[in-house]
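The values are calculated or read from the model by the stated rules, or taken from the named source; none is laboratory data. Keep in mind that this is a model prediction, so the values were computed, not measured. So basically every Cβ, Gly included, is an ideal-geometry build from the backbone, and we count neighbours across all protein chains shown. Please note that ligands, DNA and RNA were not included when accessible areas were found on the heavy atoms of the full protein model with its side chains. Shrake-Rupley method; radii C 1.70, N 1.55, O 1.52, S 1.80 Å.
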Amino acid sequence: MARRGKHRRPRTNPLTRGAVVAAGAGTAALALPLLGATTASAAPAAQAPAAAQPTPPAKSVTYTVAKGDTLYSIANEQDVRGGWRKLYKDNRKAVGDNPRLIHPGLKLKVKTAKASTADTTSKPSTTSRTTAKTATTATTSQSVVTATPVAEKTYANDLDGWINQALDIMAQKGIPGSYDGIYRNIMRESSGNPQAINNWDSNAAAGTPSKGLLQVIDPTFQAYHVDGTSWDPFDPVANITAACNYAAARYGSIDNVFGAY
C-alpha cells in the first residue's frame, strides 16, 4: 500500500507574511512590504500672515481759507496727519506768529490723507456745508446726539433763547463755544443789552463803535459774520455767532476769553 503523502499545511515564516515577492530567474527574492489601502494625508501648509496694508501717502494740495475756518477745522476736514500743529508748521510763513488768526483768501499748503482730493481745494458752498453739518452727529462715550436743524426749533426771545439759538447755529457751522463762556462775556460786555453801544473808547473815536451783546465793531462783524444770520450787528443771534466765530479764530474759543478781546 502506497504511503500516504503528507498533507499538512506548510509553515509560513511570519516574517514573509504580508509581503510581495519580486524575483527573477536565478535571483534572490526581494520582499517588499505592502502599503495600506489608505495613507495619511499631508498636513496643510501653514497660511502666511496677511501682509499689512501700506498707509497711503499724503497728498499736497492748496486750500483757500474761507470765513469761519480755523487751522483746527481745516486739519480735521482734510485729515492732516499731525493735526493743526503740523498744518501751522507747514504754513508758518504764510500764517504768521498767531496760529489762531487766519484770514479768508489765505492760501495754505495742506498735506491731506483723504482718498480723493482735487489739486486745489476750497471751502464747500454754504448750502453743502449747512446740509453736511445738519447731518453730522456728535458722539460721546455713552450716547450719540444728533444736531437738530435750527429751523425746526423755537427759542424764547430773551438772553437764554438767543444764546441757545446761537449755540445750535455754531454747532452746525463747527464754531466752538459753550453757554457759560458766552453768558460770561455778554454780562461783562453789555450786561445782556442787545442795543448796547460804546461811544467813548478808542474804537468809537476811530468811527467804529462796539455794538450789541458782545460789543463787536462793524469790520469784525462783517469779516466773521455767520451765514444764515442777520447782517444787523445789533441782532442778538447774529452778534453772538459773529463774536464767537472771531473768538474761535483768534483765541480758539469764546470760552478762552476773560477780558477785552
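Applying a 10 Å radius around every beta-carbon, put 155-161, 70-76 in order of their mean neighbour count, most first.
The densest-packed peptide leads the list: 70-76, 155-161.
Distance between the C-alpha centres of the stretch 93-109 and the stretch 162-197: 26 Å, rounded to the whole angstrom.
Taking the Cβ of PRO233 as the centre, find all other residues whose Cβ is under 12 Å away and add up their charges (Lys, Arg: +1; Asp, Glu: -1). Here the count lands on -2.
Electrostatic bookkeeping for ALA243 treats Lys and Arg as +1 and Asp and Glu as -1; over the other residues with beta carbon under 13 Å from its beta carbon, the sum is 0. Heavy-atom accessible area for PHE234, with the other protein chains in place and a 1.4 Å probe, reaches approximately 50 Å².
Please compute the net charge surrounding ILE197, taking Lys and Arg as +1 and Asp and Glu as -1 over other residues with Cβ under 12 Å from its Cβ. Mind showing how you got there, number by number?
Details: positive: LYS211; negative: GLU189, ASP201, ASP218.
Taking every other residue near ILE197 into account, the sum is -2.
Near the amide H of VAL216, within less than 5 Å, lie the amide hydrogens of LYS211, all on another chain or at least 5 residues away, with H placed in the peptide plane.
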